[in-house]
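K.L.:
Sending over a structure as structure tokens; questions will come in a sec.
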Amino acid sequence: MRKPLKKYKHHQFSSPDKYGYYGEFGGAFIPEMLHANVENLRKNYLKIAGTKKFKTAFNKLLKDFVGRPTPLFYAENLSREFGTNIYLKREDLCHTGAHKINNTVGQILIAEALGKKRIIAETGAGQHGVATATVCALKGLECIVYMGEKDIERQAPNVARMKMLGAKVVPARSGSKTLKDATNEAIRDWINNSEDTHYIIGSVVGPHPYPDMVARFQSVISKEIKKQLKKQTGSELPTHVIACVGGGSNAAGTFYHFAEDKNVQLIAVEAAGCGVDSGMSAATTQLGSVGVLHGSKSLLMQTADGQVTEPHSISAGLDYPGIGPMHANLYKTKRATFLNITDYEALDAAFHLSKTEGIIPALETAHAFAALHKLTFKKEDVVVINLSGRGDKDLSTYMKSAQFLNNE
Amino acid sequence: MNNTLTQLFLQKKERILNVYCTAGFPALDSTVKIIEALQQAGADIIEIGMPYSDPLADGPVIQQSNLKALQNGMTISLLFEQLQQVKKKVTIPLILMGYYNPVMQYGLQKFCEDAAAAGTAGIILPDLPTYEYEKMYKSIFEKNGLSFIFLITPQTSEARIRQADKLSSGFLYAVSSSATTGGSASMNDKVGYFAKLQFMKLKNPLLIGFGINNADDFDTVCKYASGAVVGSAYIKAIAHVDDEVATTEKFVKNIKG
Ligand SMILES: Cc1ncc(COP(=O)(O)O)c(C=O)c1O
């Protein structure tokens, strides 16, 4: 028998207040040059997303184009290994290979309703870039994707996909030449093209209303998990949900409908890079402090002078010096447990999952799997891991890894 | 509010030239020399940029100057020390411009106290929204005798312009087009917007900035506003010269005509 339901206050953790704050985090710290667009979005996103027309189009695209619902797979071998019940939410089976497309489908419909003709996006691993290029191709809209020069190198297959889909990929050459810098360039593009352009942010970051809007579009993940668990186990509630956190969109979607349920442990997994104390890390909650980046107040890796520091992770999608304000609040209030996983541990987990369950995960996702080793479970626990994406894009990194060579 | 900035606008109503420089650029100790040279050359206001790793509203020229200044080792504390050195020699108003995060880490209260002690008269933080300003910070700026200056753009609604005008003191900063700094759009194409602003009879004097590159641009905007802010063009001019002082002299003369 399960414990009786204990609920937190309505939407305390999953939704912001009307100024876009999750506790002390969030808001819209933007220059006036962005105000008209962000305000237009803020005033309209809930209105548009609430119309019958939007809901019909969104659900139809998720079903017939993205391939939802994605399966919830009982991972027998992993379950045996960890002595518990492990379920995998198969976002890797989404069209284009990751959860990112749930958000781009939603935002492209918003952009259409707002009459925008030109779409811009930032991308790290390239999954969000591909997902954006895909919906732009579908809708016949111009698409420009900003990507750090370093990420263009390490995620080459996704760069080729974006180009084939008709998007223009613009290298971001400033700073660490990764996701943060791509985001800066996208924001500058939006400032310079404010009339006709919509910026599809790829994670639960950015000024209000982006974190809330992206979380809502990704919340389909936990909505489906509930339904599928109910069918497979008789109860819609797991004991643990686990997801990796870059900006935090797959985690936000995985946590969304469980966030107010005290009986469900939320476990967020950050990238430790070469180790939290190595100076080469992206574990924002461990290394960061309260600051403002990309339009919202959140936790941020920075110097004492407030200069943003350059993160490191082997995984381009987690190589970001901040996290979304929703997650900063989950951390601060201790509602979620934050773990961190090194590059090496993530690689190890990727190889292990491939061999034991026949699934090659994205490097980002591999961090969530590595976290299994840092947790203890009871036999009767029900653990859901969000398998946020597949590993095709990371094959060259995997092939360079020592473990691959040792296995030859 | 009564400070050197508000005093200036009481005495001078037209062709006010505000020149932007990035603190610590091109060299760590350039700022003091540049402030003296700008004053000597006839600038009316100096806007000192506090460098930041992620200057979102800036184009390539000012981005590069921020990066260089940070590599040189510029910080807010060091800037305040340098300003203390020139304080006695500077009679024209100095204002500080920067992004919110470094100021937040410095501590806003301490920042305002130290900025006032260093002899500055006003602050521009483009990513500090009006909502936050009113809720938390307005009184701190006021208590320290600092003007706070908001930006408006061609896309800012009339109601919002009036609100920015109400909350600002010293002057209101009108961005010439919705763009990052350093654009090359023609000022002649913007005169409709400038005329509209002129017609609004705002409480604060207006300075127009972003994309003011030469004497023609300066003359054009001065027909509609009290003056202009020149940033990227000046940064470009001093980026690669040996003698910042002589270059500054020439630059200001060229703009003012
Ligand atoms: C497969 C996959 N998982 C996770 C992430 C990290 O992003 P987020 O934290 O927004 O889910 C990415 C980002 O590129 C990704 O491609």
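K.L.:
If A:Asp189 satisfies all but one of (1) part of a helix (DSSP H, G or I); (2) surrounded by fewer than 21 Cβ atoms within 10 Å (Cβ to Cβ); (3) in the same structural domain as A:Thr365 (by TED's automatic domain parsing), what's the number of the condition it fails?
P.N.:
Here A:Asp189 meets the rest and fails (3).
Residue by residue, here is whether (1) closer than 29 Å to B:Glu36 by Cβ; (2) at pLDDT 95 or above holds:
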{"position": "B:Ala195", "(1), (2)": "no, yes"}
{"position": "B:Met200", "(1), (2)": "no, yes"}
{"position": "B:Ile208", "(1), (2)": "yes, yes"}
{"position": "B:Gly211", "(1), (2)": "yes, no"}
{"position": "B:Asp216", "(1), (2)": "yes, yes"}
{"position": "B:Thr220", "(1), (2)": "no, yes"}
{"position": "B:Ala225", "(1), (2)": "yes, yes"}
{"position": "B:Val229", "(1), (2)": "yes, yes"}
{"position": "B:His240", "(1), (2)": "yes, no"}
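K.L.:
Counting only residues that are away from the ligand (no atom under 16 Å from the Cβ) and within 27 Å of A:Ala362 (Cα to Cα), how many does the stretch A:110-134 have?
P.N.:
2
K.L.:
Would you be able to say whether some residue in the stretch B:202-221 is under 26 Å from B:Thr153 (Cα atoms), open to solvent by less than 20 Å² (accessible area, probe 1.4 Å) and touching an Asp or Glu at 6+ places or on another chain (Cβ under 6 Å)?
P.N.:
Checking the stretch B:202-221: at least one residue is under 26 Å from B:Thr153 (Cα atoms), open to solvent by less than 20 Å² (accessible area, probe 1.4 Å) and touching an Asp or Glu at 6+ places or on another chain (Cβ under 6 Å).
K.L.:
Then there is this: Would you list the strands (runs of 3 or more DSSP E) that sit entirely within the stretch A:234-301 and hold 2 or more residues that are assigned by TED's automatic domain parsing to the domain that holds A:Phe377, over 24 Å from A:Ile30 (Cα atoms) and open to solvent by less than 10 Å² (accessible area, probe 1.4 Å)?
P.N.:
Working: elements: A:240-244, A:265-273, A:289-293, A:296-300.
Counting at least 2 such residues, we get A:240-244, A:265-273.
K.L.:
While we're here: Would you mind stating whether A:Glu195 is among the acidic types (Asp, Glu) and outside any helix (DSSP H, G or I)? Before the answer, list the steps.
P.N.:
Numbers: among the acidic types (Asp, Glu): yes; outside any helix (DSSP H, G or I): yes.
Yes, satisfied.
Conditions (1) closer than 17 Å to A:Tyr87 by Cβ; (2) within 11 Å of the ligand (Cβ to nearest atom); (3) under 15 Å from the mean Cα position of the chain (by Cα), marked per residue:
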{"site": "A:Leu229", "(1), (2), (3)": "yes, no, no"}
{"site": "A:Val245", "(1), (2), (3)": "no, yes, yes"}
{"site": "A:Gly248", "(1), (2), (3)": "no, yes, yes"}
{"site": "A:Glu260", "(1), (2), (3)": "no, no, no"}
{"site": "A:Gly288", "(1), (2), (3)": "no, no, no"}
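K.L.:
Determine whether B:Glu134 is surrounded by fewer than 18 Cβ atoms within 10 Å (Cβ to Cβ) and at pLDDT 95 or above. Break it down into steps so the answer makes sense when it comes.
P.N.:
Numbers: surrounded by fewer than 18 Cβ atoms within 10 Å (Cβ to Cβ): yes; at pLDDT 95 or above: no.
Against the criterion (surrounded by fewer than 18 Cβ atoms within 10 Å (Cβ to Cβ) and at pLDDT 95 or above), B:Glu134 does not qualify.
K.L.:
Return the only residue of A:Glu185, A:Glu195 being touching a residue at least 24 places away in the same chain (Cβ under 8 Å) and within 14 Å of another protein chain (Cβ to nearest Cβ). Steps first, please.
P.N.:
Numbers: A:Glu195 fails: touching a residue at least 24 places away in the same chain (Cβ under 8 Å).
When all the criteria are applied, what remains is A:Glu185.
K.L.:
A further question on this structure: Being farther than 17 Å from A:Ser79 by Cβ and β-branched (Val, Ile, Thr) is the filter; apply it to the stretch A:349-400 and report the residue that is nearest to the ligand (Cβ to nearest atom).
P.N.:
Ranking the candidates gives A:Thr365 first.
K.L.:
Within the stretch A:205-226, restricting attention to residues that are part of a loop (DSSP other than H, G, I, E, B), within 15 Å of the ligand (Cβ to nearest atom) and touching a strand residue (DSSP E or B) at 6+ places or on another chain (Cβ under 8 Å), which residue is nearest to the other protein chains (Cβ to nearest Cβ)?
P.N.:
At the first step, the residues of the stretch A:205-226 found to be part of a loop (DSSP other than H, G, I, E, B) are A:205-209, A:219.
From what's left, within 15 Å of the ligand (Cβ to nearest atom): A:205-206, A:219.
In the following step, the residues that additionally are touching a strand residue (DSSP E or B) at 6+ places or on another chain (Cβ under 8 Å) were identified as A:205-206.
Values: A:Val205: 13, A:Gly206: 11 Å.
Selected residue: A:Gly206.
Residue-by-condition table, conditions (1) more than 13 Å from chain A (Cβ to nearest Cβ); (2) assigned to a loop (DSSP other than H, G, I, E, B):
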site: B:Glu134; (1), (2): no, no
site: B:Ile140; (1), (2): yes, no
site: B:Ile161; (1), (2): no, no
site: B:Ala185; (1), (2): no, yes
site: B:Asn188; (1), (2): yes, no
site: B:Gly192; (1), (2): yes, no
site: B:Asp216; (1), (2): yes, no
site: B:Val221; (1), (2): yes, no
site: B:Val229; (1), (2): yes, no
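K.L.:
Here is a list: A:Val130, A:Val105, A:Val169. Which entry is modelled with pLDDT of 95 or more, more than 30 Å from A:Leu237 (Cβ to Cβ) and under 19 Å from the mean Cα position of the chain (by Cα)? Lay out the reasoning, then the answer.
P.N.:
On the way: A:Val105 fails: more than 30 Å from A:Leu237 (Cβ to Cβ); A:Val169 fails: under 19 Å from the mean Cα position of the chain (by Cα).
So the residue among A:Val130, A:Val105, A:Val169 that is modelled with pLDDT of 95 or more, more than 30 Å from A:Leu237 (Cβ to Cβ) and under 19 Å from the mean Cα position of the chain (by Cα) is A:Val130.
K.L.:
Oh, and also: Identify the residue in the stretch A:385-408 that is touching a Leu at 6+ places or on another chain (Cβ under 9 Å) and polar (S, T, N, Q) and, among all such residues, is modelled with the highest pLDDT.
P.N.:
A:Asn386
K.L.:
Could you tell me whether any residue of the stretch A:347-356 is within 20 Å of the chain's Cα centre (by Cα), farther than 28 Å from A:Gly27 by Cβ and open to solvent by 30 Å² or more (accessible area, probe 1.4 Å)?
P.N.:
Looking through the stretch A:347-356, none of the residues is within 20 Å of the chain's Cα centre (by Cα), farther than 28 Å from A:Gly27 by Cβ and open to solvent by 30 Å² or more (accessible area, probe 1.4 Å).
K.L.:
Do the conditions hold for A:Gly202, that is, is it within 12 Å of the ligand (Cβ to nearest atom) and closer than 19 Å to A:Ser14 by Cβ? Don't jump to the end; show me each part of the working.
P.N.:
Working: within 12 Å of the ligand (Cβ to nearest atom): yes; closer than 19 Å to A:Ser14 by Cβ: no.
Taking the combined requirement at face value, the residue does not satisfy it.
K.L.:
Which condition does B:Ala116 not pass, out of (1) open to solvent by 10 Å² or more (accessible area, probe 1.4 Å); (2) among the hydrophobic types (A, V, I, L, M, F, W, C); (3) within 11 Å of another protein chain (Cβ to nearest Cβ), if it passes all the others?
P.N.:
For B:Ala116, the failing item is (3).
K.L.:
While we're looking at this one, here's another question. Considering only residues that are in a loop (DSSP other than H, G, I, E, B) and either more than 10 Å from chain B (Cβ to nearest Cβ) or without any contact (Cβ under 8 Å) to a residue 24 or more places away in the chain (or both), which ones fall in the stretch A:21-40?
P.N.:
Here is the first cut: in the stretch A:21-40, the ones in a loop (DSSP other than H, G, I, E, B) are A:23-24, A:27-31.
Once the filter is applied, which keeps residues that are in a loop (DSSP other than H, G, I, E, B) and either more than 10 Å from chain B (Cβ to nearest Cβ) or without any contact (Cβ under 8 Å) to a residue 24 or more places away in the chain (or both), the stretch A:21-40 yields A:Gly23, A:Glu24.
K.L.:
Does the stretch A:127-155 hold any residues that are in a helix (DSSP H, G or I) and either under 15 Å from A:Leu179 (Cα atoms) or open to solvent by 60 Å² or more (accessible area, probe 1.4 Å) (or both), and which are they? I'd like the intermediate steps shown before the answer.
P.N.:
Of the residues in the stretch A:127-155, the ones in a helix (DSSP H, G or I) are A:127-139, A:149-154.
Listed by number, the residues that qualify are A:Gln127, A:His128, A:Gly129, A:Val130, A:Leu138, A:Lys139, A:Glu149, A:Lys150, A:Asp151, A:Ile152, A:Glu153, A:Arg154.
The values are calculated or read from the model by the stated rules, or taken from the named source; none is laboratory data. Just so you know, these numbers come straight off a predicted model, no measurement behind them. Reconstructed Cβ throughout: ideal geometry from the backbone, glycine too, with neighbour counts over all protein chains shown. Please note that ligands, DNA and RNA were not included when accessible areas were found on the heavy atoms of the full protein model with its side chains. Shrake-Rupley method; radii C 1.70, N 1.55, O 1.52, S 1.80 Å.
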